[in-house]
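The next block holds one structure in the form of structure tokens; read it before the comments.
Taken together, the values in this text are just the output of simple stated rules run on the coordinates, not laboratory data. The shown structure was predicted, so the numbers you read here are calculated from the model rather than taken from an experiment. Cβ placement follows ideal geometry from the backbone for every residue including glycine, while neighbour counts extend to all protein chains displayed.
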Amino acid sequence: MQEHSQICLGRGAGRSAIKATMGALGAGVSLLLSLSCGYSARAANGFTHVSVCNCATTADFTAAAKTISASNHPSANFNTPVTATYTVVSATTTRTAYIQVSGELVYSLQGHSVTWVVSAAVPVDSTGASIASETESSQESFYGALDQTLFGANRGAPTTLNMPDDYAASFINSDDGETSPGIGQALILAGINPASIPINTVITVTFSDGTTAQFVKQSATATYQWLWNGVAHNKAGQRINRSGNVISNPNTAGVGGGSGSAPVWGNGSGSYWYFGGGSDCFFSGSVTLPDGSTFGSSGWGPC
Amino acid sequence: MMWSIGLLLAAASVVLLVSRETVTVSSEGTSNRRAQGSVSSPPLINTLPRIKSAAPSGGPTLSDYKNAFARSANYWRFARDTLPAAIAGNADAQFYLSRALEYCTEHNSLYFQRRGKPIGLDEALQYAAQRHLPIDIAQDVYNRCHEFVDHDVSELGRAPDWLAQATASGQPLAQAITATKLLMQESQQAFVRAGGLPNPNNAPTVSDGSDPRELLRAAVQSKEPEVLFSIGDALTLMAPSTNSDNNTTRFAWWLVACQRGLDCSANAEWVKNSCANFPQCAAADGPSDLVQTLAGDKWPEVEERAQEINASLDQGKWGELGLGS
């Protein structure tokens with residue numbers, strides 16, 4: 001049986017956060033039935049915290065972030081506004097949101113008490129830009145995409161594949177005319193009907209040279225059934241573009257972190273994720289198979 | 001005056017394009033397409049009268065264009081024949097012209113290019129076989145689309161522009177396609193923002209400023225099978241979530257579409273394209289076979305939901321279809 005390794009790294013080459021080995025099935029396909037997932041990240045705006053909520057909408061996520069911020073916020077002088085970004089992972093949908101919360105500690109002379117007062121809670125994207133002015137539908141679309149991008153899978157039905165060599169041996173310089181049929185064939189060899197996979201589902205594909213990439217399912221009537229979503233890593237776990245060039249982490253500041261766990265659905269049980277702290281704005285996430293092997297993703301959060 | 005000229009042009013173009021195809025009608029009443037090529041042609045049966053009877057007002061109808069497109073073995077010719085009606089403002093002509101242009105652009109890319117470089121028919125057939133793509137589709141694509149490679153296609157306009165015009169005119173299939181494209185585009189943009197990097201697959205394919213939900217609510221009233229099928233995917237995009245309810249709803253809409261005339265057999269091109277090599281897809285025959293296979297143990301729920309959808313469609317209860325209000 002062929003073995004493939006996937007490594008989720010911290011910022012820069014060689015900082016391995018998670019290393020996992022996946023056994024290949026048939027033409028190199030692993031279907032996750034029961035699984036767990038892990039997620040680590042580093043800071044945003046000087047502080048970050050992660051949590052799990054039963055969230056689906058922007059109102060749910062912002063309410064959860066406000067609640068979290070009451071007990072987990074940056075240290076600050078009284079009456080001095082501070083901002084923190086909270087990564088909130090839903091436990092009931094495959095959605096994750098970045099919520100930027102601004103607030104301050106207000107000291108009451110009369111009551112000799114200190115209160116955390118939130119002035120704003122705003123959803124942001126991975127660059128830290130506000131998405132508050134967008135429609136609810138657009139925001140929820142982003143939460144779904146963020147969740148799948150972070151975990152490298154749809155937590156509702158995680159699937160990972162190994163690309164057959166006769167389609168593409170590397171993600172680098174591959175094209176959709178190779179990868180899209182290759183994914184379809186790999187699914188069929190694994191006994192999965194490609195047409196059964198819902199539109200917009202992300203799967204992580206591992207190539208024989210160790211590169212990995214995420215692909216998104218298109219409509220059943222589309223010519224190309226699978227398209228790259230922009231996330232790929234080289235064998236060392238560094239983000240790359242389709243030419244194989246390493247993309248540097250644009251976020252170089254930030255402290256704090258957090259950890260937590262969230263469910264992964266499917267036919268199995270037991271799942272978790274965690275969110276680690278550090279000095280830059282980096283995350284790595286993974287999904288664990290029942291046999292203990294994992295796959296996942298890594299990237300940068302908002303700073 | 002211009003409108004009358006447009007209608008005349010449209011009618012003439014459909015007669016022209018249909019007359020270049022041959023249709024035979026079996027004893028069961030089903031029709032079979034056969035391309036008219038350099039070989040001797042089978043007898044022309046029942047084509048022109050059917051077109052005329054389907055267009056009591058004298059102009060071609062949606063079903064005329066749908067049938068002509070489905071029968072066409074040469075999309076270059078179809079596009080050229082349809083162009084005058086599209087220019088004259090016939091929304092159905094605009095939609096099917098956009099379909100022909102988009103089909104050939106994408107399928108020529110998939111079957112007749114290798115890493116961006118054009119390849120000939122022999123190499124393309126070998127390359128398709130190597131990738132386990134349906135050889136018959138590769139051959140069909142060559143027949144339908146190779147003239148797009150040999151000619152200057154600029155005179156035909158751009159697929160997105162024709163689609164936008166058809167959508168603006170309220171053409172239901174165009175509305176459904178545009179809505180799905182808008183939702184998919186929104187989703188792809190979300191992935192770019194989630195990943196934090198540009199992605200060449202994120203190039204907009206449609207620039208319509210419409211609300212996709214409104215487009216779907218309008219389109220569904222046509223009850224066109226293709227529209228109903230699109231709604232299955234669109235609803236998944238409109239409510240990205242995790243649970244299997246998404247699949248139940250999607251397959252229910254697919255089942256309704258299949259029951260109402262969409263070809264969901266193993267011979268349908270979309271079935272070949274999405275799962276031709278999966279044994280159960282290759283065995284699909286009746287309208288419900290494929291969906292039943294896909295639904296697995298969710299089949300009873302899918303059937304029940306499909307019955308609800310069918311009832312709402314039949315009774316015109318558009319607000320009960322999950323498309324908002």
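Things worth noting here:
- All lysines inside 22 Å of A:LYS66 as judged from Cα atoms, apart from same-chain residues fewer than 8 positions distant: none
- For region B:161-315: rounded, prolate or oblate by the Cα gyration tensor [a/c cutoff 1.5]: prolate
- Computed E for B:ALA70/A:SER71 - FRET, C-beta separation, R0 60 angstrom, nearest 0.05: 0.45
- Taking 19 Å as the straight-line reach from the Cα of B:LYS66, the aspartates and glutamates in range (excluding those fewer than 8 positions away in the same chain) are B:GLU21, B:ASP81, B:ASP92, B:GLU102, B:ASP140, B:GLU224, B:GLU226, B:ASP263, B:GLU269.
- Dipole magnitude (debye, nearest 20) for region B:161-315, charges at Cβ of Lys, Arg, Asp, Glu: 340 debye
- Estimated distance in nm for a label pair at B:SER63 and A:ASN245, the labels positioned 7 Å out from Cα along Cα-to-Cβ: 5.6 nm
- By the count of neighbouring beta-carbon atoms within 10 Å, fewest first, A:ARG239, B:ARG114 end up ordered B:ARG114, A:ARG239.
- Within a straight-line Cα-Cα reach of under 30 Å, B:LYS117 can be paired with the following lysines, leaving aside sequence neighbours fewer than 8 residues apart in one chain: A:LYS217, A:LYS235, B:LYS181, B:LYS272.
- Chain lengthening between B:ALA282 and B:GLN307 when straightened (0.36 nm per residue, less Cα-Cα): 6.4 nm
- Packing-based exposure ordering (other Cβ within 10 Å, fewest first) of A:TYR167, A:TYR98, A:TYR224: A:TYR224, A:TYR167, A:TYR98
- Label point distance in nm, B:ALA203-B:ALA129, each placed 7 Å from Cα along Cα→Cβ: 3.2 nm
- Exposure proxy ranking for A:SER113, A:SER180, based on other Cβ atoms within 10 angstrom of each Cβ and starting from the fewest, stands as A:SER113, A:SER180.
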